[in-house]
1. If you take the residues of segment 169-194 that are within 10 Å of the chain's Cα centre (by Cα) and of a type in the set (Val, Ile, Thr), which of them is nearest to residue 113 (Cα to Cα)?
2. Based on what the data block shows, is residue 37 assigned to a strand (DSSP E or B), over 18 Å from residue 148 (Cβ atoms) and touching a residue at least 24 places away in the same chain (Cβ under 8 Å)?
3. Please pick out the residue among 197, 219 that is buried (at least 19 other Cβ atoms within 10 Å of the Cβ), under 14 Å from the mean Cα position of the chain (by Cα) and either farther than 20 Å from residue 109 by Cβ or of a type in the set (A, V, I, L, M, F, W, C) (or both).
4. Residue 64: of a type in the set (Val, Ile, Thr) and at pLDDT 90 or above, yes or no?
5. Looking for something under 17 Å from the mean Cα position of the chain (by Cα), among the polar types (S, T, N, Q) and at pLDDT 85 or above - is there at least one such residue anywhere in segment 128-140?
6. For residues in segment 83-103 being crowded, with 17+ Cβ neighbours inside 10 Å and either modelled with pLDDT of 85 or more or among the hydroxyl-bearing types (Ser, Thr, Tyr) (or both), which is nearest to residue 49 (Cα to Cα)?
7. Answer yes if at least one residue in segment 27-47 is touching a His at 6+ places or on another chain (Cβ under 9 Å), loosely packed, with under 14 Cβ neighbours inside 10 Å and not assigned by TED's automatic domain parsing to the domain that holds residue 130, and no otherwise.
8. Among the numbered conditions (1) among the acidic types (Asp, Glu); (2) crowded, with 24+ Cβ neighbours inside 10 Å; (3) at positive phi, tell me where residue 227 comes up short.
Amino acid sequence: MPKRYHCIQVRNGCLTEIDDEIVSEDQFRIFYNDHPVTDMIATNDQLKELGVGFVVSEGLTKQVDTVKIDHDRILVYSDVGCKVIPDQREYFPSGGTGIPQEPAKVISSLTITPDEIGEVTRAIDNDIWHRTGAVQCAVLFSDANCVVTSSDVGMHNAVDKVIGHALLNGINLSRCVIGCTGRQSAAIVKKIANAGIPIIVSWTAATDKGIATAKTAGITLVCFSRDNRFTIYSHPERVQGIGQHQCK
């Protein structure tokens, strides 16, 4: 993924020539049942996961039959829950389908402990993020184990990639926790809801509409998860033991 570029670093007034790692970005077009649905800027890895995760997280289908990569085209096919694709002028090139809909309701009995929130938080700490500072990262935990880590220039892409990985590998998303580096907007939370993931852990903040979407969808939204603290914005009942340790 990263490329090396020769450049000049200035520190305390001193100039040093260095080779810096820079993330590459490319443009891809996603097709759903041979209909173009979006143009997307993304890193050139986990492209099948990206395509599968995108069509599911955007609510076009719940199941994917086939996914193929043809140069810069990601071709996704499904016969299950197929939505009618609107005229492409309505959604090109927004980075989403532009199909207005409420987020799916997430039904899951999954719970999480404060210690497990810490484990998810530490797993988000991705090596590529440290080396380049130019990517967003997402991780997916199933049965308290990290099953996939994804990085991309956009938070929505990284989310789609971990969702796509789970779908391609038969992982039950209703028993998963997703961890993210980026802020939790309504669009990101809606993607996660459509995939059926009940718990989100983020390093950073949520927007007001992101919180409202999580409440409506039945998602436990945990943000500002750093060191030994975190903030729960919705459905705290999934976080075990927090009522026993209230401090004044």
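1. 178
2. Working: assigned to a strand (DSSP E or B): yes; over 18 Å from residue 148 (Cβ atoms): yes; touching a residue at least 24 places away in the same chain (Cβ under 8 Å): yes.
Considered against the rule, which asks whether it is assigned to a strand (DSSP E or B), over 18 Å from residue 148 (Cβ atoms) and touching a residue at least 24 places away in the same chain (Cβ under 8 Å), residue 37 comes out as yes.
3. Working: 219 fails: under 14 Å from the mean Cα position of the chain (by Cα).
Selected residue: 197, the only one of 197, 219 that is buried (at least 19 other Cβ atoms within 10 Å of the Cβ), under 14 Å from the mean Cα position of the chain (by Cα) and either farther than 20 Å from residue 109 by Cβ or of a type in the set (A, V, I, L, M, F, W, C) (or both).
4. Working: of a type in the set (Val, Ile, Thr): yes; at pLDDT 90 or above: yes.
Taking the combined requirement at face value, the residue satisfies it.
5. Taking segment 128-140 as the starting set, the residues that turn out to be under 17 Å from the mean Cα position of the chain (by Cα) are 128-129, 134-140.
The next check asks that each one be among the polar types (S, T, N, Q); those that pass are 136.
This time we only want the ones that are at pLDDT 85 or above, so: 136.
Yes.
6. 97
7. Looking for residues that are touching a His at 6+ places or on another chain (Cβ under 9 Å), loosely packed, with under 14 Cβ neighbours inside 10 Å and not assigned by TED's automatic domain parsing to the domain that holds residue 130, one finds none in segment 27-47, hence no.
8. Looking at each condition in turn, residue 227 falls short on (2).
The values are calculated or read from the model by the stated rules, or taken from the named source; none is laboratory data. Computed from a prediction, not measured in an experiment: that's the story for all the values here. Virtual Cβ from ideal backbone geometry, glycine too; neighbours counted across all protein chains shown.
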